[in-house]
């Protein structure tokens, strides 16, 4: 039986939008969602994103295959303006430029971002607001036809930074456990893993504040013989982290539980833990033994 450490994951508030991206074929859809959700950058005061799941043709407004993605920023002063800016970057450079794509709102919320100013005006004044597929959309003319985006995109507060750590005896077992955990989280409605398997946990204190968060040296297996205060057990050679954002605290907990349960039978997983900063990062403490 794998030991589950009596500790907690420290999560915090974020602001997110939930979008439905559709395309003419699988190749274009995968290109759009991979481009628009790549490069988590919240540590640089930007955004992070991930794929929540996929929808069949009968579940989308335009009758084409689609994918649900989430785009997140840290919650705080002016975070709605930050989300509007970050959402526009990821859609303009990750989705709009991919042929045949469309974007629809996929979040019920009273709070809305009007996409005309930062995305719609990519049409340089030739864009138009139309009724298509039962939605109010902006039609942006392109060299390969048109790009449609729903005019009003919902946003609201959610939970960021839920996480689990797997202490593994090799990189091979770590990758197996991480892949299973990411797949398990993908089945939890409303949850994403913005980093997939994350190999680089960070810490609050740093010797180089000018570059932001740096490596969590106490948990680096390659340093365990160099540091007197290393926290890496003797036979542990790899510690993957699965970072989870979700639409609610309940969904984060469900995703963390699913991740833990998915690795129970993986040979080489020696211990399950989580990352926290003693309450300095976020107000939500999710105790593993309560899941």
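Shape descriptor for the chain: Rg over Rh equals 1.01 (Cα atoms; Rh from the Kirkwood inverse mean 1/r).
Please arrange 72, 165 by counting, for each residue, the other beta carbons lying within 10 Å of its beta carbon, fewest first. Can you show the working numbers first?
Values: 72 25, 165 21.
In increasing order of surrounding Cβ atoms, one gets 165, 72.
Against the chain, whose longest principal axis is taken from its Cα atoms, helix 249-262 shows a tilt of about 60°.
I need the Debye-formula profile for the range 13-156: one equal scatterer per C-alpha, no solvent, reported as log10 I(q)/I(0) at q = 0.13, 0.16, 0.21 1/Å, two decimals. Those come out to -0.50, -0.78, -1.38, one per q.
Helix 26-37 and the long axis of the chain differ in direction by around 60°, with both axes built from C-alpha atoms. Per-residue packing, averaged as other Cβ atoms within 10 Å, sorts the ranges 238-248, 5-15 into the order 238-248, 5-15, beginning with the highest.
Stokes-Einstein diffusion of the range 230-291 at 25 °C, 0.890 mPa s viscosity, Kirkwood radius from Cα pairs, rounded to a whole number: 183 µm²/s. Rounded to two decimals, the Cα-based Rg/Rh of the range 201-247, with Kirkwood Rh, is 1.05. Angle of helix 171-186 to the longest C-alpha principal axis of the chain, folded into 0 to 90 degrees and rounded to 10: 40°. Hydrodynamic radius of the range 140-255 by the Kirkwood approach over all distinct alpha-carbon pairs: 16.8 Å. Here the sum of -39500 (n - 2.57) over DSSP H runs of 4 or more residues, divided by the residues of the chain, equals -6500 deg cm²/dmol at 222 nm, to the nearest 500. Annotation: the residues 257, 285, sorted from fewest to most other C-beta atoms within 10 Å of their own C-beta, follow the order 285, 257. Between 180, 87, 218, the residue with the greatest mean-square fluctuation in the GNM of the chain (Cα pairs under 10 Å linked by springs) is 218.
Quick note: the coordinates plus some simple rules give every number you see, no bench work behind them. All values derive from a computational prediction rather than experimental measurement. Please note: Cβ atoms are built from the backbone with ideal geometry, for glycine as well, and neighbour counts cover all protein chains shown.
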